[in-house]
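Here the structure comes first, spelled out in structure tokens, and everything after it is commentary.
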Amino acid sequence: MRHVNAALLLLSCIQFNVLKLSAGAMNNNIIVSASGSTSQRRSRRSTTHQVLPHSFRMSQLASTVPHHQQQHDALSSNSVTKSSALSSSDDGSEGEGGNPIVQLATFVRDSFARFVNGTKELYANHQTCNAIRSKQKTSVKITFEEFEFLRKGKEDRSKVANILFLMIFSSSVLPYALMMFPNMLPVPFQPRDDTLTKYHTLSRVRTHAVMETMLAIENAAIIPPISSKLNPFSGKAVRREMARMTDFCGNANLFFQATTPAQILELLGSTLQFPVGENVQKEVNQQTKLMTVPKQIIKGLGKSTGISNSPIMPTFMVRGKLTEYLKSLSESDKFLVEEKVDLNSINDNVLLEACTLRFIGTPDSSPDELRRGLAIWLQHAVVRPGVQQNYNENLGRVALLCYNAIQGARDGRSESQLPRLMFQAPMMMSYASAIDERS
């Protein structure tokens, strides 16, 4: 009986995947037709930058391991070619509405090919990291591109360790973890989407995150949380938090009127300073871990950075991931300042990635704009705080990220179009004139 149940479960899983693939195939026409105009607009806007490389490997480091990347690109292209040929040979429509069984077999084959190619690339990246570390031991300065490669390699190794831990101690949780947190996979194993398209998607997500955060803060100032109804003794704490959010909404006008990062940091003032005195270590730890930052802003930054793709992810987990994210930015910023890296010498692709991590500009910003934005970031995140005592670097970078996110949402080159329609002058004037006519 146990074997019969297992067989039925396996058949149901196969049927679910077949139905899922069939539904995806039937929706291809709708998705392609709906995204046609957007793709044309992106193709016109992407002339400023070259299409970024899909691989985790950078072109500047190809000489260290010369043949692995070429093998990976050839295998990937062969896989795509075979997949399209198989789909088109089935029904003659280039994969639209094809046989679900063939599509399922193609999916399994491509997944296996991605696993093999990703493993090879991960090992090649490890060899490249070893070569860069050997270069550091000889007291030879490394470039910013090489430093970023080491940082990514470190992140990928930690991801591999986390996956191995889940596989050994809680294998049943691993599929759900991969479903909810796709970024937990190392970069070589992630889907090979167009990198510039990914940046455009991030631009839209960040604009939406700004709007959602503003609404969440306003609701927190007016509507008590649901948890307050379950705890009859939390009335005082809830009123105190609602008063705090009310004050935050009242001061938001000053933040949105700021036109430079210096004005934002000046408005925060002493908030960016750690408390001084005895028995303040607990407060210092809370401020370092961003415990004093409202959870609405924490979740907004988590969504903007790609840390939290799930709305059910607890705030303390998002806060911990965000602290690690800020630590990575701090290491990169200090390398740029301490090594006196010339920003003009940074490759445009690496520059776009570094600025995207800091919410600077848009994917269609020119390299000169990105370099100016990165220079301003370094000035306020490293240079000026370096001469201040008891400065909270994490909170300062959170303020800079929020400022850049707001400016990016206002930028006319942002991927999200509809939220800006509410603030266009012609619409506001027409609405005001309509009211005057009615009166």
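Just one of the numbered conditions (1) over 23 Å from residue 405 (Cβ atoms); (2) assigned to a helix (DSSP H, G or I) is not true of residue 199; which one?
Status for residue 199: all satisfied but (1).
Here is a list: 360, 406. Which entry is within 15 Å of the chain's Cα centre (by Cα) and either open to solvent by 10 Å² or more (accessible area, probe 1.4 Å) or at negative phi (or both)?
360
Please list, ordered by first then second residue, the pairs with beta carbon atoms under 8 Å, 6 or more apart or interchain, first in the stretch 229-248 and closer than 15 Å to residue 295 by Cα and free of Cβ contacts under 8 Å to residues at least 40 places away in the same chain, second among the hydrophobic types (A, V, I, L, M, F, W, C) and in a helix (DSSP H, G or I).
241/220; 242/220; 242/221; 242/222; 246/221
Taking the stretch 330-353 on its own, how many of its residues are among the aliphatic types (A, V, I, L, M), under 21 Å from residue 262 (Cα atoms) and crowded, with 20+ Cβ neighbours inside 10 Å?
Number of matching residues: 1.
Taking residue 278 and the conditions (1) in contact (Cβ under 8 Å) with a residue 24 or more places away in the chain; (2) open to solvent by 30 Å² or more (accessible area, probe 1.4 Å); (3) in a loop (DSSP other than H, G, I, E, B), which numbered condition does it fall short on, given that it satisfies the others?
(1)
Scan the stretch 368-381 residue by residue and report those that are touching a residue at least 40 places away in the same chain (Cβ under 8 Å) and open to solvent by less than 30 Å² (accessible area, probe 1.4 Å).
Of everything in the stretch 368-381, those that are touching a residue at least 40 places away in the same chain (Cβ under 8 Å) and open to solvent by less than 30 Å² (accessible area, probe 1.4 Å) turn out to be 377, 378, 380, 381.
In the stretch 325-374, what residues are among the charged types (D, E, K, R) and either part of a helix (DSSP H, G or I) or in contact with a Pro (Cβ under 7 Å, 6 or more places away or on another chain) (or both)?
Correct list: 327, 331, 333, 334, 338, 348, 353, 368, 369, 371, 372.
Going by what's in this entry, would residue 188 be described as modelled with pLDDT under 85, farther than 24 Å from residue 359 by Cβ and surrounded by 15 or more Cβ atoms within 10 Å (Cβ to Cβ)?
When the stated conditions are applied, residue 188 passes them.
If I ask for residues that are over 19 Å from residue 300 (Cα atoms), part of a helix (DSSP H, G or I) and either open to solvent by less than 70 Å² (accessible area, probe 1.4 Å) or of a type outside the set (Lys, Arg) (or both), which ones from the stretch 223-246 would you list?
Answer for the stretch 223-246, where residues must be over 19 Å from residue 300 (Cα atoms), part of a helix (DSSP H, G or I) and either open to solvent by less than 70 Å² (accessible area, probe 1.4 Å) or of a type outside the set (Lys, Arg) (or both): 227, 228, 230, 235, 237, 238, 243.
For the stretch 346-367, how many residues meet the condition of being without any contact (Cβ under 8 Å) to a residue 60 or more places away in the chain and within 22 Å of residue 265 (Cβ to Cβ)?
Selection size over the stretch 346-367: 5.
For residue 179, indicate whether it is open to solvent by 70 Å² or more (accessible area, probe 1.4 Å), part of a helix (DSSP H, G or I) and hydrophobic (A, V, I, L, M, F, W, C).
The answer is yes for residue 179.
What is the number of the single condition among (1) part of a helix (DSSP H, G or I); (2) closer than 24 Å to residue 200 by Cβ; (3) open to solvent by less than 30 Å² (accessible area, probe 1.4 Å) that residue 321 does not meet?
Every condition holds for residue 321 apart from (3).
Within the stretch 291-302, can one find any residue that is over 18 Å from residue 184 (Cα atoms), outside any loop (DSSP other than H, G, I, E, B), among the polar types (S, T, N, Q) and open to solvent by 60 Å² or more (accessible area, probe 1.4 Å)?
No; the residues of the stretch 291-302 include none that is over 18 Å from residue 184 (Cα atoms), outside any loop (DSSP other than H, G, I, E, B), among the polar types (S, T, N, Q) and open to solvent by 60 Å² or more (accessible area, probe 1.4 Å).
The values are calculated or read from the model by the stated rules, or taken from the named source; none is laboratory data. Just so it is clear, the model here is predicted, and its values are computed rather than measured. Please note: Cβ atoms are built from the backbone with ideal geometry, for glycine as well, and neighbour counts cover all protein chains shown. Keep in mind that these areas ignore ligands, DNA and RNA; they rest on the heavy atoms of the full protein, side chains included. Shrake-Rupley method; radii C 1.70, N 1.55, O 1.52, S 1.80 Å.
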